[in-house]
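The values are calculated or read from the model by the stated rules, or taken from the named source; none is laboratory data. Just so you know, these numbers come straight off a predicted model, no measurement behind them. All Cβ positions, even for glycine, are placed from backbone atoms using ideal geometry, and neighbour counts span all protein chains on display.
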Amino acid sequence: MKNIITSIFLICISGIGHAQDLSFYGILPAFSLTGGINQKVNYNLFISTTINAFEREINGENYPASNLQLYVQPSIIFIYSPKLNLAGSYTYQRGNPFNGNYVNEHRLWQQAIFSNALFQGQLTNRFRLEERFIENRLNGKYPLSTRFRYQIGFNTPLQGKKLNEKEFYFHAYNEFYWSLTGSKNSTYSSNWSYAGFGYKIGASNKIELGYLLQISTRNIEKDLQYLHLVQILWATNLKKPAAKDGYKHISQK
Amino acid sequence: MNLKTISLLLFSAFLNLTVTAQEIRIPQERVAVKIKEYIEKNYPTATRIKYYQEVINDTVFMESEFKFRGNKYAVTFYDEALYEVEIFLAFKDIPTPAQKAIKSTLDSLFTRHKILVCQEVNPRTDLLYEIRVEGTSERSTAFWELYFTPSGKLVKKTEFIVRPIPSHF
């Protein structure tokens, strides 16, 4: 027993000695616009930016407050059934968008999202395969790397079984990122955890405020970067029923 | 506009968030005794009982949802009197003659269809079958709610909108 305790202590000590984990704090404003092309096909435009809000000095190195990322994601969603949606996208991402150290990324992805009722809410399972073309600033090339993401999420209205106008809801998820091919620091490369509360302003609009923790491996030694973010989302859904009761029209036979 | 003014505006906006809920969950203690007694008497082995207050066009309804004998029930009351009973069931559990008539109507309405949900509405009084389908006709696909009589005659057809499952990032 004494040996086990000593071993654990040594592991902890060695961990502290080598850990170069970094923590940053910021905000993530995001905007989402959804609309219908027809009853089965919808479009979505999702735009966000990630801001490191505080300058930090860690181990003698300065990390200035800056905009870390610009993310533009238009996608097409196919409602296979109310419980299964398929989607595809071309996404543009730019790291350090407003300084000379920027990195462009062009990304294609395909996803399936399943939804099941759980308690009064909705449990979602999302599977996404990404083909990433990340700019190499040294040679100007965009080598291909692939990544797989799995997200388990839960959202529930807080004032009844349906989310009506002027009501609050809760939303949480955890997403696992696995880098499959191409340049990578580790296979299990990132993990995002989120929990937030939203408010349905009207038939088409929702606002959501929550805490998002983005953890990612930042080098091949598998040192981690923790990004603690306050996420503010404005979501607009133009695909709304014409009638208040949720139905488009009624025809008697 | 200074920071103090902005803070005051935000605070007053927060206070003005009036809840105009069309449906809210009600704790058992606030449900009328008559309604609870009706559920206990008519569905003695009901489990997972939940109560909701639903407001439709300024009319207040009380709805009870529960599981009874393996099926999900939704029983609605108006002014403490029974208003509507809905029982979720599988399409195969609908009596065969009605099932055949419904199937034939769906075949005539749509070139392709998939049944999503089936319900019996008011089984003890004016029985109707409520069927939710995804139907394709003239190259377009939509989601429909259809009501049939016990003989399988279509009495009402309503299109409903399905929004995509929320998915950001």
Exercise. May I ask you to list the residues in the range B:23-43 that are touching a Phe, Trp or Tyr at 6+ places or on another chain (Cβ under 9 Å) and among the charged types (D, E, K, R)?
Key: B:Glu23, B:Arg25, B:Arg30, B:Lys34, B:Lys36
Self-check item: Residue within the range A:139-152 that is closer than 23 Å to A:Thr91 by Cβ, touching a residue at least 24 places away in the same chain (Cβ under 8 Å) and among the aliphatic types (A, V, I, L, M) present
Solution: yes
Quiz item: Applying the selection to the range A:78-112, what residues are within 13 Å of chain B (Cβ to nearest Cβ) and aliphatic (A, V, I, L, M)?
Solution: A:Ile79, A:Leu84, A:Leu86, A:Ala87, A:Ala112
Practice problem: From B:Thr158, B:Thr136, grab the single residue that is free of Cβ contacts under 8 Å to residues at least 40 places away in the same chain and surrounded by fewer than 18 Cβ atoms within 10 Å (Cβ to Cβ). | Solution: B:Thr136
Quiz item: Under the condition of being loosely packed, with under 15 Cβ neighbours inside 10 Å, closer than 24 Å to A:Ser23 by Cβ and among the polar types (S, T, N, Q), which residue from the range A:187-220 is modelled with the highest pLDDT?
Solution: A:Ser193
Quiz item: With respect to A:Leu213, is the statement that it is within 14 Å of chain B (Cβ to nearest Cβ) and either within 26 Å of B:Arg25 (Cα to Cα) or over 21 Å from the mean Cα position of the chain (by Cα) (or both) true?
Solution: no
Practice problem: Could you list, in sequence order, all residues of the range A:37-70 that are surrounded by 13 or more Cβ atoms within 10 Å (Cβ to Cβ) and within 8 Å of chain B (Cβ to nearest Cβ)? | Solution: A:Gln39, A:Lys40, A:Asn42, A:Asn44, A:Phe46, A:Ser48
Exercise. May I ask you to verify whether B:Phe66 is surrounded by 18 or more Cβ atoms within 10 Å (Cβ to Cβ) and not small (Gly, Ala, Ser)?
Key: yes
Quiz prompt | In the range A:126-158, residue farthest from the other protein chains (Cβ to nearest Cβ) [restricted to those that are basic (Lys, Arg) and under 30 Å from B:Val117 (Cβ atoms)] | solution = A:Arg128
Practice problem: For residues that are farther than 19 Å from A:Gly153 by Cβ and in contact with a Gly (Cβ under 6 Å, 6 or more places away or on another chain), tally how many sit in the range A:77-124. | Solution: 1
Self-check item: Hits in the range B:136-169 - residues which are over 20 Å from the mean Cα position of the chain (by Cα), on the phi < 0 side of the Ramachandran plot and within 10 Å of another protein chain (Cβ to nearest Cβ)
Solution: B:Thr136, B:Ser140, B:Thr141, B:Lys153, B:Pro166, B:Ser167, B:His168
Exercise. From B:Lys41, B:Lys50, B:Lys114, B:Lys67, grab the single residue that is assigned by TED's automatic domain parsing to the domain that holds B:Ser140, on the phi < 0 side of the Ramachandran plot and of a type in the set (Lys, Arg).
Key: B:Lys114
Quiz prompt | Complete set of residues in the range B:106-134 that are in contact with a His (Cβ under 9 Å, 6 or more places away or on another chain) and either among the hydrophobic types (A, V, I, L, M, F, W, C) or away from chain A (no Cβ under 14 Å) (or both) | solution = B:Leu106, B:Asp107, B:Val133
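Each row is one residue, and each column tells you yes or no for (1) surrounded by 19 or more Cβ atoms within 10 Å (Cβ to Cβ); (2) over 30 Å from B:Arg132 (Cα atoms); (3) in contact with a Ser or Thr (Cβ under 6 Å, 6 or more places away or on another chain).
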position	(1), (2), (3)
A:Asn85	yes, no, no
A:Asn96	no, yes, no
A:Ala117	no, no, no
A:Leu144	no, yes, no
A:Ala172	no, no, no
A:Phe176	no, yes, no
Quiz item: Restricting the range B:69-103 to residues that are among the β-branched types (Val, Ile, Thr) and part of a helix (DSSP H, G or I), which is farthest from B:Ile115 (Cα to Cα)?
Solution: B:Thr96
Self-check item: Test set (1) within 22 Å of A:Thr91 (Cα to Cα); (2) touching a Phe, Trp or Tyr at 6+ places or on another chain (Cβ under 7 Å); (3) within 14 Å of another protein chain (Cβ to nearest Cβ); (4) among the hydrophobic types (A, V, I, L, M, F, W, C) - A:Leu123 fails condition number
Solution: (1)
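For (1) in contact with a His (Cβ under 9 Å, 6 or more places away or on another chain); (2) among the hydroxyl-bearing types (Ser, Thr, Tyr), each residue gets a yes or a no:
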residue: A:Ser186; (1), (2): no, yes
residue: A:Lys200; (1), (2): no, no
residue: A:Lys206; (1), (2): no, no
residue: A:Tyr211; (1), (2): yes, yes
residue: A:Ile215; (1), (2): no, no
residue: A:Arg218; (1), (2): no, no
residue: A:Leu224; (1), (2): no, no
residue: A:Gln231; (1), (2): no, no
Quiz item: So how many residues does the range B:51-68 have that are within 16 Å of the chain's Cα centre (by Cα) and within 21 Å of B:Val117 (Cα to Cα)?
Solution: 5
Quiz prompt | Enumeration of residues in the range A:166-183 that are among the charged types (D, E, K, R) and more than 7 Å from chain B (Cβ to nearest Cβ) | solution = A:Glu175
Self-check item: Residue satisfying condition, being part of a strand (DSSP E or B) and farther than 20 Å from A:Gln93 by Cα, within set A:Tyr177, A:Tyr211
Solution: A:Tyr211
